[in-house]
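I have placed the structure first, in the form of structure tokens, so that the comments after it can refer back to it.
The values are calculated or read from the model by the stated rules, or taken from the named source; none is laboratory data. From a predicted model like this one, the values you see are computed outputs, not experimental measurements. No Cβ is skipped: glycine too gets one built from the backbone with ideal geometry, and neighbour counts run over all protein chains shown. Accessible surface areas use protein heavy atoms only, side chains included; no ligands, DNA or RNA. Shrake-Rupley method; radii C 1.70, N 1.55, O 1.52, S 1.80 Å.
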Amino acid sequence: MASTLQSFQCIRSLGYQTAFVRIYQNIGAGENDLNGPGNLLNANAAGMGIEVYMTPQSQPTSKYCAQQLYEAYTFVTNSGIRIVSLWFQVTSPNNWSPSQLENRNFIQSCINEAPSLGIRLQIYTNAYEWQEITGGWTGHPLMNLWYWDYNGPGPSGSSSCTFSDFLPFGGWTNAQVKKYASLVYMCGTYVGLNCYSVNKDATNAITFISEA
């Protein structure tokens, strides 16, 4: 969803320092999120750090992962925004192929494409979803990890802004980001709440998502 500069300024005033913004979505064969560049520019204008993530279309009839990553990257850079890393969403097993080998190959194609674009790929998932989608794949090059742990939508379903609940999986022994709440209404928009580890300290971050 599109969020205004005023929303980002309001959120920044509450102590949230970084915005994670979606730039690609799993609609059709995969397409750019047209709200992404505007949200990134507004977050930056509000004095927030910015991160980007993509939700790939991972069904067998979709485009190759590398093509989707290229589309996401060129979409943002053509909007005048330079990125050096991108979070890649591996969630919702029902949206993926029943073949874990196909899923691993799909993800690997994006891993292979990222260096040619000059960006670093990072993963958003959790232990259960990584197991269901990839079979607990450990053969990937180790990437930064953003995981989620909450009990349901809204403030009542949130967990805590700490990493104390993290258990190693998929070759990861620690995580850089934790999403601990989803669909929280704040400053006129719905967001997810995250802990973002900077130099091993947890600071508040915010994730802008399309769900309502």
Legend entry - Residue count for region 109-143, restricted to those that are more than 17 Å from the chain's Cα centre (by Cα) and of a type in the set (S, T, N, Q): 6
Inset, instruction - List the number of the failed condition for S92; all other conditions in (1) among the small types (G, A, S); (2) over 25 Å from I206 (Cβ atoms); (3) surrounded by fewer than 17 Cβ atoms within 10 Å (Cβ to Cβ) hold. - result: (2)
Inset, instruction - Determine, yes or no, whether I107 is touching a His at 6+ places or on another chain (Cβ under 8 Å) and either over 20 Å from C195 (Cα atoms) or small (G, A, S) (or both). - result: yes
Inset, instruction - Kindly indicate whether N103 is within 11 Å of S58 (Cα to Cα), under 18 Å from the mean Cα position of the chain (by Cα) and surrounded by 17 or more Cβ atoms within 10 Å (Cβ to Cβ). - result: yes
Inset, instruction - Return yes or no: is S58 open to solvent by less than 20 Å² (accessible area, probe 1.4 Å), within 17 Å of I123 (Cβ to Cβ) and modelled with pLDDT under 95? - result: yes
Inset, instruction - Report, by residue number, each residue of region 163-189 that is exposed (fewer than 12 other Cβ atoms within 10 Å of the Cβ) and either at negative phi or charged (D, E, K, R) (or both). - result: S164, D165, L167, P168, T173, N174, Y185
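Is at least one residue of region 11-19 at negative phi and under 14 Å from the mean Cα position of the chain (by Cα)?
Filtering region 11-19 for residues at negative phi gives 11-14, 16-19.
Subsequent filtering for residues that are under 14 Å from the mean Cα position of the chain (by Cα) retains 18-19.
Yes, because at least one residue in region 11-19 is at negative phi and under 14 Å from the mean Cα position of the chain (by Cα).
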Inset, instruction - Search region 22-41 for residues that are of a type in the set (S, T, N, Q) and pair each with any residue that is part of a helix (DSSP H, G or I) when their beta-carbon atoms are under 7 Å apart and the residues are at least 6 apart or on different chains. - result: N26/N95; N32/E71; N32/A72; N32/F75
Legend entry - Number of the condition not met by T203 [criteria: (1) modelled with pLDDT under 95; (2) more than 30 Å from L34 (Cβ to Cβ); (3) within 18 Å of the chain's Cα centre (by Cα); (4) not small (G, A, S)]: (2)
Legend entry - Candidate set: region 124-149, residues that are in contact with a helix residue (DSSP H, G or I) (Cβ under 8 Å, 6 or more places away or on another chain) and in a strand (DSSP E or B); chosen: the one surrounded by the most Cβ atoms within 10 Å (Cβ to Cβ): Y147
Legend entry - Hits in region 1-33 - residues which are closer than 23 Å to S62 by Cα and surrounded by fewer than 14 Cβ atoms within 10 Å (Cβ to Cβ): I27, G28, A29
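Among what's in region 53-70 and is in a helix (DSSP H, G or I) and in contact with a Ser or Thr (Cβ under 8 Å, 6 or more places away or on another chain), pick the residue that is nearest to T134 (Cα to Cα).
Taking the candidates together, the pick is C65.
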Inset, instruction - Might you check whether a residue that is more than 18 Å from the chain's Cα centre (by Cα) and among the acidic types (D, E) occurs anywhere in region 44-51? - result: no
Inset, instruction - Would you please list the contacts, defined by Cβ atoms under 8 Å and residues six or more apart or on different chains, that run from a residue in region 101-121 that is in a loop (DSSP other than H, G, I, E, B) to a residue that is of a type in the set (V, I, T)? - result: G118/V84; I119/I83; I119/V84
